[in-house]
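Chemist: Structure below; questions to follow.
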Amino acid sequence: GEAVPVAQRGSWTSFLKSIASFSGDLSSLTAPPFILSPVSLTEFPAYWCERPELFAAIADATTEEARALAVLKWFMSTLKGQYTSRNESMGSEKKPLNPALGELFYGVWPDKNGRGQTDLLVEQVSHHPPITAYVIENRSKGLKLVGHSAQKTSFSGGSIIVKQIGHAVLTVKLPAGGEVQYLVTLPRLRIDGLWYGSPYIELSDHSYIVGGGYTCNIEYKGKGYFSGKAHTFKATLSPIHSSGDIVVEGTWHQNSKITHGGSGSFHDVSAPKEEVTAVGAEAGGEMGGMETRKLWQFVSKGIREGDFDSASKEKTRIENEMRQRRKDEAASGTTWPMKHFKPLGSDPVYEKLAVLADITPETEDTYVFQDNWPATLRS
Ligand code: 0T9
């Protein structure tokens, strides 16, 4: 692999071998320094709102069709950040920090041009397997996205295949009273370029957005499929109670246009995105010990500055501390309490909406937000 520093070639090769002979939770495998990211997975839910004005715009739609299109446009516009931003900022996909149980991340996108303030709250609700639960809310616009994210990984043909587990539900308060909910499911990922030490993500299969009188089936293709172009998608938006599909086609990391049932350009993510501002939850906006940027502070610093010795020492210290915490809990017959969510074995909203688009599985568990925002985000 050309992108692998000479001194790390041996450890990269053995890392790839361990991936190949392993399936399940990749997050716990030790990887060579050059591929480590200083950012924890608890920060990833922020990708859902890095174009806050597109999220806010969902509230301004006045017809079911306009609302379904606004939801699709917001969703499509998050994908570039979700799946290519590490390549842009760090040169390739990197291995994120594996969050500790109970790790927290809070953030905000401030009000601008009347779009309203948008708040973010994330909690690591399981360590083994890793599960991240999140809420994004724009209160003034009556919009709330609640979801959770986990992965099942396997290795095939030199690539890592990532099946995303979890879904999100977007709740939109209607100006006339009442609300409408959209189920958002997640695409499958393939991580290519491993051999060369410069991994990148391609999306495949389908994901869905269902609700508000519409189903939307989004099909993902990459290089070597029907278009031969990387990061291609085709979204078919269908009204549930009438006919007349709207089709959108393009590349999710660039732009798209309406190719059926209308015309004109659809989404375009060439303009810069807006990163979330991290907010501490303690008094005075301080960060507590379980808040991601405080917990990983010195690991991240070590990785950023190329001081992998201190990064690795500090990481071991955190992991040992967490191991001890689990032992103490086992000894006292307690478990780490979730701070913001309650687990539920099946999600009634998912079940109601998944059948409308023939989504499998028909049932999924969920994490119910307890509506306990820290005061620092709500003052
Ligand atoms: C939810 C996203 C997810 C998380 C990451 C697969 C992955 C962990 C999960 C799915 C977000 O909404 C979107 C983007 C990137 C996904 C990560 C990419 C990645 O490589 C990791 C896995 C666990 C690895 O770190 C594999 C080993 C690594 C050396 C390859 C770069």
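The values are calculated or read from the model by the stated rules, or taken from the named source; none is laboratory data. Treat the numbers as computed from the prediction; the structure is a model and nothing was measured. Here Cβ is always computed from backbone atoms with ideal geometry, including for glycine, and neighbour counts include all displayed protein chains.
Chemist: Looking only at segment 110-160, which residues are touching a Lys or Arg at 6+ places or on another chain (Cβ under 6 Å), within 21 Å of residue 199 (Cα to Cα) and of a type outside the set (Ser, Thr, Tyr)?
Modeler: Passing the criteria: only 152.
Chemist: Regarding residue 359, is this residue touching a residue at least 12 places away in the same chain (Cβ under 8 Å) and in a loop (DSSP other than H, G, I, E, B)?
Modeler: So residue 359 passes the test.
Chemist: Looking only at strands (runs of 3 or more DSSP E) that fall completely inside segment 150-191, which ones have 2 or more residues that are over 19 Å from residue 120 (Cβ atoms) and in contact with a helix residue (DSSP H, G or I) (Cβ under 8 Å, 6 or more places away or on another chain)? Quick ask: steps written out before the conclusion?
Modeler: Values: elements: 159-165, 168-173, 179-184.
So the answer is 179-184.
Chemist: Just the residues that are hydrophobic (A, V, I, L, M, F, W, C) and either free of Cβ contacts under 8 Å to residues at least 40 places away in the same chain or within 14 Å of the ligand (Cβ to nearest atom) (or both), please, taken from segment 88-107.
Modeler: Restricting attention to segment 88-107, the residues satisfying the condition of being hydrophobic (A, V, I, L, M, F, W, C) are 90, 97, 100-101, 104-105.
Of everything in segment 88-107, those that are hydrophobic (A, V, I, L, M, F, W, C) and either free of Cβ contacts under 8 Å to residues at least 40 places away in the same chain or within 14 Å of the ligand (Cβ to nearest atom) (or both) turn out to be 90, 97, 105.
Chemist: Continuing with this model, one more query. All but one of (1) in contact with a Leu (Cβ under 8 Å, 6 or more places away or on another chain); (2) surrounded by fewer than 21 Cβ atoms within 10 Å (Cβ to Cβ); (3) not in a strand (DSSP E or B) hold for residue 100, so report the exception by its number.
Modeler: Among (1) in contact with a Leu (Cβ under 8 Å, 6 or more places away or on another chain); (2) surrounded by fewer than 21 Cβ atoms within 10 Å (Cβ to Cβ); (3) not in a strand (DSSP E or B), residue 100 violates only (2).
Chemist: Then there's this: Condition (residue is in contact (Cβ under 8 Å) with a residue 40 or more places away in the chain, more than 9 Å from the ligand (Cβ to nearest atom) and assigned to a loop (DSSP other than H, G, I, E, B)) applied to segment 22-33: is it met by at least one residue? Spell out how you get there, then give the answer.
Modeler: Narrowing segment 22-33 to residues in contact (Cβ under 8 Å) with a residue 40 or more places away in the chain: 22-28, 31, 33.
With the extra rule that they be more than 9 Å from the ligand (Cβ to nearest atom), the set shrinks to 22-24, 28, 33.
Filter again for assigned to a loop (DSSP other than H, G, I, E, B), leaving 22-23.
Yes; the residues of segment 22-33 include at least one that is in contact (Cβ under 8 Å) with a residue 40 or more places away in the chain, more than 9 Å from the ligand (Cβ to nearest atom) and assigned to a loop (DSSP other than H, G, I, E, B).
Chemist: How many residues are farther than 30 Å from residue 16 by Cβ, touching a Gly at 6+ places or on another chain (Cβ under 9 Å) and hydroxyl-bearing (Ser, Thr, Tyr) when one looks only at segment 61-117?
Modeler: Count: 1.
Conditions (1) surrounded by fewer than 19 Cβ atoms within 10 Å (Cβ to Cβ); (2) free of Cβ contacts under 8 Å to residues at least 60 places away in the same chain, marked per residue:
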residue	(1), (2)
109	no, no
114	yes, yes
127	no, no
133	no, no
142	yes, no
146	no, no
158	yes, yes
164	yes, yes
168	no, no
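Chemist: What about residue 75, is it more than 10 Å from the ligand (Cβ to nearest atom), under 16 Å from the mean Cα position of the chain (by Cα) and either in contact (Cβ under 8 Å) with a residue 12 or more places away in the chain or part of a helix (DSSP H, G or I) (or both)? It would help to see each step written out before you state the result.
Modeler: Values: more than 10 Å from the ligand (Cβ to nearest atom): yes; under 16 Å from the mean Cα position of the chain (by Cα): yes; either in contact (Cβ under 8 Å) with a residue 12 or more places away in the chain or part of a helix (DSSP H, G or I) (or both): yes.
So residue 75 passes the test.
Chemist: Residues in segment 129-170 that are more than 16 Å from the ligand (Cβ to nearest atom) and more than 18 Å from residue 78 (Cα to Cα): how many? I'd like the intermediate steps shown before the answer.
Modeler: Taking segment 129-170 first, the residues more than 16 Å from the ligand (Cβ to nearest atom) are 137-144.
Of the ones still in play, those that are also more than 18 Å from residue 78 (Cα to Cα) are 139-142.
Total meeting the criteria: 4.
This table checks each residue for (1) near the ligand (Cβ under 10 Å from one of its atoms); (2) in contact with a Leu (Cβ under 7 Å, 6 or more places away or on another chain); (3) within 23 Å of residue 358 (Cβ to Cβ); (4) of a type outside the set (Phe, Trp, Tyr).
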| residue | (1), (2), (3), (4) |
| --- | --- |
| 172 | no, yes, no, yes |
| 176 | no, no, no, yes |
| 197 | yes, no, no, yes |
| 207 | no, yes, yes, yes |
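Chemist: Given the condition among the acidic types (Asp, Glu), within 14 Å of the ligand (Cβ to nearest atom) and either in a helix (DSSP H, G or I) or modelled with pLDDT under 95 (or both), answer yes or no: does some residue in segment 53-67 qualify? It would help to see each step written out before you state the result.
Modeler: Taking segment 53-67 first, the residues among the acidic types (Asp, Glu) are 53, 60, 64-65.
Still in the running and within 14 Å of the ligand (Cβ to nearest atom): none.
Looking for residues that are among the acidic types (Asp, Glu), within 14 Å of the ligand (Cβ to nearest atom) and either in a helix (DSSP H, G or I) or modelled with pLDDT under 95 (or both), one finds none in segment 53-67, hence no.
Chemist: Determine, yes or no, whether residue 277 is touching a residue at least 40 places away in the same chain (Cβ under 8 Å), surrounded by fewer than 15 Cβ atoms within 10 Å (Cβ to Cβ) and among the β-branched types (Val, Ile, Thr). Steps first, please.
Modeler: On the way: touching a residue at least 40 places away in the same chain (Cβ under 8 Å): yes; surrounded by fewer than 15 Cβ atoms within 10 Å (Cβ to Cβ): yes; among the β-branched types (Val, Ile, Thr): yes.
When the stated conditions are applied, residue 277 passes them.
Chemist: Restrict the check to segment 305-317 and report whether at least one residue is surrounded by fewer than 15 Cβ atoms within 10 Å (Cβ to Cβ) and of a type in the set (Gly, Ala, Ser). If you could, list the steps in order and put the result at the bottom.
Modeler: Our first condition is that a residue be surrounded by fewer than 15 Cβ atoms within 10 Å (Cβ to Cβ); within segment 305-317, this holds for 305-306, 309-310, 313, 316-317.
Then drop every residue that is not of a type in the set (Gly, Ala, Ser), which leaves 306, 310.
Yes; the residues of segment 305-317 include at least one that is surrounded by fewer than 15 Cβ atoms within 10 Å (Cβ to Cβ) and of a type in the set (Gly, Ala, Ser).
Chemist: Any chance you could count how many residues in segment 1-28 are under 21 Å from the mean Cα position of the chain (by Cα) and among the aliphatic types (A, V, I, L, M)?
Modeler: Within segment 1-28, residues that are under 21 Å from the mean Cα position of the chain (by Cα) and among the aliphatic types (A, V, I, L, M) number 1.
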